[in-house]
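For reference, the structure is listed below as structure tokens.
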Amino acid sequence: MSTQDDLAARIRVARALKGWKQGYLARKARMDPSALSRYEKEGGDTAPLEVTERIHEATEVSPAFSEVVVSSYRVLQGPANRPPGPAMDMEDALSGEVANRFAAMLAPALAVLPVPADQPEEVERPPSAEDRAEAEALFLRLASRSVDERLLVVASGRQYRRAALCERLCDESVNAAAQSAKDSLDWSKLALRVAERIRGSEAKRSKATGYAWAFVGNSRRVAGQSPVAEAFSRSRQLYALGRNETPGWFDEARALDLEASFRRDQGQYPEALALLDLALARCGTTSRARIFLKQASTFEQAGQPEQALLSLEEARPAIERGEGGLRYRWMLRFNVAKNLVHLYRAPEAESLLPELRLIADELGNDLDQLRTRVLSGEVMAGLRRWDEALAELAAAREEFTSRRLFADAAVVGLQEAVILLEDCRTAKVRTLVRAMKPIFDSLGLKREALAAYRLFVAAVEQEAATATMARELARAIERAGRRDGATS
């Protein structure tokens, strides 16, 4: 940044810290508004010393303080012509740390400084291991910051304008969704901020931005925020403008399968399956197993377990070779067993339970272990071992309730009701449904689910409830949960 630029930057900083309009500062500094506008826009090596003195006096921002702000900004920008390279050296890292700390304190001022136009273009080539390693290092820096600090640093720091970092942040938004919808949304918004600033052609930024918008849409879906459909529509439009740019970056199949999840959760199964077919046509070999797993989930929710099993068989070879690790192995076997239960093939499903439990234990994910227990209860019910099934499901319901996962608790409780009704234990159904009233109340059921719940409760009280009614209520709660972002 030249001396000329320094003056323009200092005027912007002083105004930003006070929150003043340009005309108001001109009056306070006893200056001609047009002269101040010219200095702020163009700087000026020959500007009289009294100009800067008046500005600092009027705003009560010292010259030393404004120099700290502008210097911090210089460090964040990095050398003007620094080529993109691998990991930053120790001096870069220290400078970045100092700048990031200033950024946290000086956000109002740094936010008004311009993004330089002289951005060197990155080499247009597929992502390398080096790119991924640098992105991971940058991600770890960001992860230690607050949400506001991350946005500011990404907006100001040249080194953060990388395609690999955009993809890493998108991945993190999906990783975070299982634990926190808010964190997922924060990471996807940060990815969008990076995408809008990636170095290179406008078409490349359009492709990156379209990709990031798909993850914003997915995060909104999980968080139950609107508008979701508009985010995916924007994703498709922007991606199309740059589809042929930067081969190897920003996998379109990933964006398509995220939108398919949204359509599936809305009950738009044909639309979801069409998107997944398109994703399969455009994906690489390393992501086909994931798409087939989603396809199987969509078929299962659409009530087509035979088709779901065919999709799972398509996913099996890649998963057995190691794609997706233990997590995909658990998902494959879990979904195979679940669809076998739907097809009244419980003995085959039972044979998968021991390995499922072992994988869930190895993963160390409590929810996976809990869902495996629910599946075990469903299998026992399919084998007509009613008491074993009820014991498994009751334990799982209590655990979901203690975790405040009320939608899951309600669905499991209704599975218990199905068993009791099929075994003609109507009095126990009444006791169960009355005990579960606080769970249903906590869900804030709306429209379809609320109507089904009221109908079911009335029928239970009159000993007229059926297993079909319990199943329909469970499906209504699951659909409502998916639409409201309660499930990922």
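Among the residues of the range 430-440, is any open to solvent by less than 60 Å² (accessible area, probe 1.4 Å), in contact with a helix residue (DSSP H, G or I) (Cβ under 7 Å, 6 or more places away or on another chain) and part of a loop (DSSP other than H, G, I, E, B)? Yes, the conditions are met somewhere in the range 430-440.
When GLN415 is tested against (1) outside any helix (DSSP H, G or I); (2) buried (at least 20 other Cβ atoms within 10 Å of the Cβ), just one condition goes unmet, and that condition is (1).
For the range 301-349, a tally of residues being open to solvent by less than 60 Å² (accessible area, probe 1.4 Å), modelled with pLDDT of 95 or more and among the charged types (D, E, K, R) returns 2. Residue count for the range 207-254 under the criterion of being of a type outside the set (A, V, I, L, M, F, W, C), farther than 23 Å from ARG479 by Cβ and outside any helix (DSSP H, G or I): the result is 8. Scanning the range 255-274 for residues that are more than 14 Å from ARG221 (Cβ to Cβ) and not aromatic (Phe, Trp, Tyr) yields LEU256, PRO270, GLU271, LEU273, ALA274. In the set (1) part of a helix (DSSP H, G or I); (2) charged (D, E, K, R); (3) farther than 29 Å from ARG471 by Cα, the condition left unmet by ASP257 is number (3).
When restricted to residues that are open to solvent by 10 Å² or more (accessible area, probe 1.4 Å) and within 16 Å of the chain's Cα centre (by Cα), the range 152-170 contains 2.
When the range 186-206 is filtered for residues that are open to solvent by less than 10 Å² (accessible area, probe 1.4 Å) and in a helix (DSSP H, G or I), the ones remaining, listed by number, are SER188, LEU190, ALA191, VAL194, ALA195, LYS204.
For the structure I just gave you, tell me whether GLN179 is over 18 Å from ARG243 (Cα atoms), part of a loop (DSSP other than H, G, I, E, B) and out of contact with any helix residue (DSSP H, G or I) (no Cβ under 9 Å at 6 or more places or on another chain). Considered against the rule, which asks whether it is over 18 Å from ARG243 (Cα atoms), part of a loop (DSSP other than H, G, I, E, B) and out of contact with any helix residue (DSSP H, G or I) (no Cβ under 9 Å at 6 or more places or on another chain), GLN179 comes out as yes. Contact map, the range 452-479: first residue farther than 24 Å from ARG221 by Cβ, second residue modelled with pLDDT of 90 or more and not in a helix (DSSP H, G or I), Cβ cut-off under 8 Å, separation 6 or more or different chains; pairs are PHE456/ALA465; ALA459/ALA465; ALA459/THR466. Scanning the range 16-31 for residues that are in a loop (DSSP other than H, G, I, E, B) and either charged (D, E, K, R) or surrounded by fewer than 16 Cβ atoms within 10 Å (Cβ to Cβ) (or both) turns up GLY19, LYS21, ARG30.
The values are calculated or read from the model by the stated rules, or taken from the named source; none is laboratory data. Here the structure is a predicted model, which is why all the values come from computation and not from measurement. A quick note on method: Cβ atoms are made from the backbone with ideal geometry, for glycine too, and the neighbour counts reach across all protein chains shown. What goes into the accessible areas is simple: the full protein's heavy atoms, side chains included, and nothing from ligands, DNA or RNA. Shrake-Rupley method; radii C 1.70, N 1.55, O 1.52, S 1.80 Å.
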